[in-house]
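Undergrad: I am attaching a structure below and will ask some questions about it afterwards.
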Amino acid sequence: MFILYKNTGVHSGRALREMLAALYDEPVRGGYPKRLASALKAGAVPKIIINLGVTDDFPYEGDIINTQDMVRAASNKKKARQIFAEQGVPAPELFLRPGEVSKNDLPVIGRTSYHHKGQGFWFCKTLTGVQRASKAGATHFLEFISNTREYRVHTFIKKKSQNLSPDERGADHYVSIKISEKVWQGEERPDKNEPQKNHEFGWSFRAPKNRREEELDVVRYAAKQAIAALGLDFGAVDVMYRVRSKQPYVLEVNSTPSLSDENATTCEVYANRILKTLVAAKEE
C-alpha cells in the first residue's frame with residue numbers, strides 16, 4: 001500500500017501512513033509523487049494507492065482510491081460548483097461572472113477556482129466590491145447565507161459500490177463515516193453575519209451536541225450528493241445548515257481531509273474504512 005500526498009496533504013498523509021502501518025499486516029509506504037515514481041521504476045509496485053489530493057500522472061495500472069481525475073474534479077472549486085448546480089446538489093446560488101450579480105443578490109462571496117482555507121475570499125456588499133474582487137482574482141461568486149450552522153461530513157464509497165464508475169454513482173452508494181460541527185471557541189459572542197468561520201476567527205470542529213438527528217441526516221445526505229456528483233471515492237464535505245428553512249447548502253468538497261490532529265479520531269476512522277475496503281476487495 002502507498003499513501004500518496006504532497007504540499008497541504010503532507011501532515012495528513014504521514015498521519016494516515018503511520019495509522020495504517022499500525023493496523024495493516026502488510027507494508028505501508030508513502031510520500032510525494034516523485035517517491036512513488038522511484039518505487040515504480042525500481043519494481044516496487046504497491047497493491048493499492050490511497051491518494052490524498054494529488055493530480056500528478058504516473059504509470060500505474062493498479063487500484064487507486066481517489067484517482068487523479070476524481071481529485072481534479074474536486075480541486076477546481078468553480079467547476080465543482082458548476083457540477084453541483086447542474087446535478088441539483090443543494091448549494092448557495094452560483095454566479096460565474098461579476099455581471100451576473102445584481103443589487104438584489106448582495107451580499108455575495110467572491111472565491112478563486114483554487115483555494116485553501118481562508119485564501120481567495122472576498123465578502124462583497126456592493127456591486128463595486130464585486131468588480132474589485134473580480135479584478136483581484138475572484139473567478140466566481142456565491143450567495144451569502146447568514147445564520148447557519150456549519151458541518152464537515154467525512155464521506156466514503158460503500159464497499160459494494162467501489163467498482164461503479166463515477167457516472168454510475170449516486171448518494172445512496174456512499175456512507176457518512178464521521179460528522180463534525182464548526183463551533184465557536186472564542187472569548188466573546190460570535191458575529192452571526194461573519195462570512196468566514198475558520199480557525200483564525202475562533203472556530204474549530206467538534207462532535208455535534210444537542211442536534212436533532214433529522215438535521216444531521218439532512219446534512220449527511222447533502223454531503224453524499226456532493227461526493228457522488230464529483231464521483232470521488234472519499235472526501236470531507238463542508239455543509240451549511242439553515243435552521244429556519246431546514247435547508248442544507250454544500251460549500252465544497254475537500255479531497256485532502258485533515259487527519260493530523262492527535263486529539264481527533266478522524267485519522268483512525270479513515271484508516272479503518274480503508275482497511276474494510278481492502279478486505280472487500282480481497283474477498284471479491
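Undergrad: I'd like the full set of residues that are touching a Lys or Arg at 6+ places or on another chain (Cβ under 7 Å), at pLDDT below 95 and either assigned to a loop (DSSP other than H, G, I, E, B) or in the same structural domain as Y174 (by TED's automatic domain parsing) (or both), limited to region 115-164.
TA: Of everything in region 115-164, those that are touching a Lys or Arg at 6+ places or on another chain (Cβ under 7 Å), at pLDDT below 95 and either assigned to a loop (DSSP other than H, G, I, E, B) or in the same structural domain as Y174 (by TED's automatic domain parsing) (or both) turn out to be H115, G120, I145, S146, N147, T148, E150, K159, S161.
Undergrad: A further question on this structure: Somewhere in region 126-138, is a residue β-branched (V, I, T) and in contact with a Phe, Trp or Tyr (Cβ under 7 Å, 6 or more places away or on another chain)?
TA: The answer is yes, given that some residue of region 126-138 is β-branched (V, I, T) and in contact with a Phe, Trp or Tyr (Cβ under 7 Å, 6 or more places away or on another chain).
Undergrad: Now for a separate question. Please pick out the residue among G62, G31, G110 that is among the small types (G, A, S) and without any contact (Cβ under 8 Å) to a residue 24 or more places away in the chain.
TA: G62
Undergrad: Now, a different point. Which condition from (1) under 25 Å from L230 (Cα atoms); (2) without any contact (Cβ under 8 Å) to a residue 60 or more places away in the chain; (3) in contact with a strand residue (DSSP E or B) (Cβ under 9 Å, 6 or more places away or on another chain); (4) surrounded by 16 or more Cβ atoms within 10 Å (Cβ to Cβ) is the one that T55 breaks?
TA: Every condition holds for T55 apart from (3).
The values are calculated or read from the model by the stated rules, or taken from the named source; none is laboratory data. Everything numeric in this text was worked out from a predicted model, so none of it was measured. Cβ atoms come from the backbone with ideal geometry, glycine included; neighbour counts cover every protein chain shown.
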